[in-house]
Structure formats: C-alpha cells, structure tokens
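Novice: Structure below; questions to follow.
The values are calculated or read from the model by the stated rules, or taken from the named source; none is laboratory data. Only a predicted model underlies this, so the values are computations on that prediction, with no experimental measurement involved. Here the Cβ positions follow ideal geometry from the backbone for every residue, glycine too, while neighbour counts run over all protein chains shown. These area figures cover heavy atoms from the full protein model, side chains too; ligands, DNA and RNA do not enter into them. Shrake-Rupley method; radii C 1.70, N 1.55, O 1.52, S 1.80 Å.
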Amino acid sequence: MSLLEVVNLNKRFQLHLPGKKVIIGCTGVSFNLSAGEFLGLYGPSGAGKSTVLKCIYRTYLPTSGDIWYDSILYGKVNISVLPEHIILDIRKREIGYVSQFFKVVPRISAIDIVAEPLISKKGTSAREAKNKAAMLLERLKIPENLFDAYPCSFSGGQQQRLNIARAVIWSPRLMLLDEPTASLDSNSVKVVTELLLEMKREGVSMIGIFHDQSFLASIADRICRLEQEDIHAV
C-alpha cells in the first residue's frame, strides 16, 4: 500500500529580472513510497532533489502535479492543494524533515532542543523526554558537558548531529532527509546510518538525498534518479 504517491510533479521559480528567466526546480517527477520503505533520490547538483522534498513538505508550493499522502489524521490527501493549516497539522504530527543546515535556536540548551519534539508532538513528560534526549545525544557523540550548552558555540558537525537527533527522536511517520550526513565524519555517518535503519525496522517511511551512491544503495530499498534541468528564458 502506498503511503505517498508523487505524480508528474513540476516546480518553476520565476526570477523577476529582465528577460523573465525561469528556473526549473523539477520536471515531471513521479514515484511512490510504500509504508516502511526507504526511497533514495539521486542525481547531479541542480537536478531538483531538494526541490522535490520541499514540495512534499510544502515548503514550496508545486507549480503543477499531485502529491498524494495517506494521512492518519485526514485520510488520503493531495499535499499540493491542501490548506496551510492542515499542512501544518500534518507536519506537526506525521512528517519530519532534516536538512543539511541547522538553524540555531538562541538561548535554548542542546538537550532541550532535542527533547522538545517529544514533549510537543507526543505529550511525553519533560523528565522522560530529557532522559531520551540525553541517551540520543550520547549515542551521537555529543559530549555530556555540552548538553546544557547553547548550540551556537558548537562545531558544524555537532550542530548537524543535534539537528538529526531532534528529527529522529519522535519517530515521525514519514521522514524527509536532505543530505543530513554532508558535514559529518565517517564515524558519525555510521551512527546515523544505524539510527535510520532502526527507524526503518520500526516502520518509519523515508525519502533521502545522499551524494554517496554506494552509501545510498546500502540503505535504500529503491533509488529514483533525477536528471539535471537548466535555466530557461521565456
């Protein structure tokens, strides 16, 4: 049974410059994702991989095409045309997103940042959420003396591991991964891989972008290859 079905997805960006240039984000992308499956998106830079994920998460509004999602809350819905308040509710309760960039939250400790999704999305007590966050941070090799520190002082790799911890701790129904291991060393990549495989065994469905094709092949059930599009003048 398909959890997600993307049908002829297209996204264009209009540049308000002389010549009316249009950037093609993605063109004619179609695939389906079964429950508990890991689908890899692969292709050259500029092929539209991140654009596809952002359309599914509805950070971007698709220009055309359909994104059918089998929601627990609302049944089968077309993400491409859903009202914003329903999108926000589905994001909060069902869909997680991990980018390769961590948005630093000022004056909030690392452990509180990671624990927060368990509290707000799952109703977990603050004490239990912090205990689980601490175990996850330890597993991702974040030193214990940094648990109560502000992430603005962390290295890029530490911030990214924090970003991953916050995303995986609540085990969303659908996880979107946009190059989450890009800034990590090999040991950290191994730990993240183990976490993703555990989530997959627990039934979490995932769509991931990874530049390392051999790594992607080792974790994905299927790979969808996207081809590069160019800027066109219209």
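Novice: Restricting to the stretch 124-164, name every residue that is within 22 Å of the chain's Cα centre (by Cα) and outside any helix (DSSP H, G or I).
Specialist: Leu140, Lys141, Ile142, Phe154, Ser155, listed by residue number.
Novice: Continuing with the same structure: Going through the stretch 104-115 one residue at a time, which ones are of a type in the set (A, V, I, L, M) and either part of a loop (DSSP other than H, G, I, E, B) or within 15 Å of Pro172 (Cβ to Cβ) (or both)?
Specialist: Val104, Val105, Ile108, Val114
Novice: Follow-up question, since we're still on this one. Which condition from (1) farther than 17 Å from Arg173 by Cα; (2) open to solvent by 20 Å² or more (accessible area, probe 1.4 Å); (3) at pLDDT below 95 is the one that Pro83 breaks?
Specialist: It is condition (3) that Pro83 fails.
Novice: Here's something else I'd like to know. Conditions: (1) surrounded by 15 or more Cβ atoms within 10 Å (Cβ to Cβ); (2) more than 21 Å from Phe210 (Cα to Cα); (3) touching a His at 6+ places or on another chain (Cβ under 9 Å). Val7 meets all but one. Number of the miss?
Specialist: (3)
Novice: Among the numbered criteria (1) open to solvent by 30 Å² or more (accessible area, probe 1.4 Å); (2) at pLDDT 90 or above; (3) not in a helix (DSSP H, G or I), which one does Lys200 miss?
Specialist: Among (1) open to solvent by 30 Å² or more (accessible area, probe 1.4 Å); (2) at pLDDT 90 or above; (3) not in a helix (DSSP H, G or I), Lys200 violates only (3).
Novice: How about the stretch 165-191: which of its residues are assigned to a helix (DSSP H, G or I) and either buried (at least 23 other Cβ atoms within 10 Å of the Cβ) or not hydrophobic (A, V, I, L, M, F, W, C) (or both)?
Specialist: Listed by number, the residues that qualify are Ala165, Arg166, Val168, Ser186, Asn187, Ser188, Lys190.
Novice: Can you tell me which residue within the stretch 65-80, out of those that are in contact (Cβ under 8 Å) with a residue 40 or more places away in the chain and open to solvent by 60 Å² or more (accessible area, probe 1.4 Å), is nearest to Ile142 (Cα to Cα)?
Specialist: So, considering only residues that are in contact (Cβ under 8 Å) with a residue 40 or more places away in the chain and open to solvent by 60 Å² or more (accessible area, probe 1.4 Å), the one nearest to Ile142 (Cα to Cα) is Ile72.
Novice: When you scan the stretch 217-224, do you find a residue that is without any contact (Cβ under 8 Å) to a residue 60 or more places away in the chain, crowded, with 20+ Cβ neighbours inside 10 Å and within 25 Å of Gly48 (Cβ to Cβ), even just one? Step through it out loud before you land on a result.
Specialist: The first filter runs over the stretch 217-224 and keeps only residues without any contact (Cβ under 8 Å) to a residue 60 or more places away in the chain, leaving 218.
Narrowing further to those that are crowded, with 20+ Cβ neighbours inside 10 Å: none.
The answer is no, given that none of the residues of the stretch 217-224 is without any contact (Cβ under 8 Å) to a residue 60 or more places away in the chain, crowded, with 20+ Cβ neighbours inside 10 Å and within 25 Å of Gly48 (Cβ to Cβ).
Novice: When the residues of the stretch 116-157 are filtered to those that are closer than 19 Å to Arg173 by Cβ and among the hydroxyl-bearing types (Ser, Thr, Tyr), which remaining residue is surrounded by the most Cβ atoms within 10 Å (Cβ to Cβ)?
Specialist: The residue in question is Thr124.
Novice: Something else now. Do you know which of the residues in the stretch 197-210 that are over 12 Å from the mean Cα position of the chain (by Cα) and in contact (Cβ under 8 Å) with a residue 40 or more places away in the chain is nearest to Leu140 (Cα to Cα)?
Specialist: Lys200
Novice: Which pairs turn up if I take residues in the stretch 19-38 that are without any contact (Cβ under 8 Å) to a residue 40 or more places away in the chain and look for partners that are part of a strand (DSSP E or B) and hydroxyl-bearing (Ser, Thr, Tyr) with beta carbon separation below 9 Å, at least 6 apart in sequence or on another chain?
Specialist: Asn32/Ser2
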